[in-house]
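> Mind looking over this structure? Questions follow.
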Amino acid sequence: MDTKTKTSRSLIKDMTSGSPAKLILGFAVPMLLGMLFQQFYSMVDTVIVGKFLGVDALAAVGSTDAVNFMINGFVIGLCSGFAIPVSQRFGARDYKDMRRFAANAGWLSLIFAAVMTVSGTSASPHRSHGFLPTPS
């Protein structure tokens, strides 16, 4: 691609140059806000379920927290593992391999999502009554 067709502004944020404090804050603040709003969502969900559906429904929602935490932790670890080769290729400015690794990570994520969907639905409450002690 010649220089005339390139735009002057790139969508890629180079975090390897510039003020480290500014870069870290620019990266951390959106993540912090996302986690904060996730906590607000959980809090409002608890209030609504407890107030309008009752104690039994709130107990059922609360009993799934451990399973959700386990699945989310596994997915976060998986995505962190995918990020390593992608970020290494990005740092080396090897964009062809970076795109290949990112595409492979996308395909593996889809496969993993299918496996988790099948295993999650096979362990649904009507099939695993004794697995989670929830009220009847």
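Every number in this text was worked out from the coordinates using simple rules, so none of it is lab data. All values reported here derive from a predicted model rather than from experimental measurement. Note: ideal-geometry Cβ built from the backbone for every residue, glycine included; neighbour counts use all protein chains shown.
> Can you work out ³J(HN,Hα) from phi for every residue in the stretch 59-66, in order, using Karplus 6.51 cos²θ - 1.76 cosθ + 1.60 and θ = phi - 60°, giving whole Hz and x for Gly and Pro?
5, 5, 5, x, 6, 8, 4, 5
> Whole-Hz ³J(HN,Hα) for each residue in the stretch 75-92, computed from phi via Karplus 6.51 cos²θ - 1.76 cosθ + 1.60 with θ = phi - 60°, x for glycine and proline: what do you get?
5, 4, x, 4, 5, 5, x, 5, 6, 4, x, 5, 5, 5, 5, 5, x, 7
> May I have the convex hull volume per residue, in Å³, for the Cα set of the stretch 52-129?
Here the figure is 110 Å³ per residue.
> Using just the C-alpha positions of the stretch 9-52 as equal point scatterers, what log10 of I(q)/I(0) does the Debye formula give at each q in 0.14, 0.16 1/Å?
Those come out to -0.52, -0.59, one per q.
> To continue, here is another question. What is the calculated FRET efficiency for F52 to V115, with r their C-beta to C-beta distance and R₀ = 35 Å, to the nearest 0.05?
Given R0 = 35 Å and the Cβ-Cβ separation, E is 0.50.
> Extension gain A123-F37, at 0.36 nm per residue separation less the Cα-Cα distance, in nm?
That works out to 28.0 nm of additional length.
> Okay, next question. What fraction of the Cα pairs in the stretch 1-119, stated in percent, has a spacing above 23 angstrom?
On the way: 4012 of 7021 pairs.
Result: 57 percent of Cα pairs exceed 23 Å.
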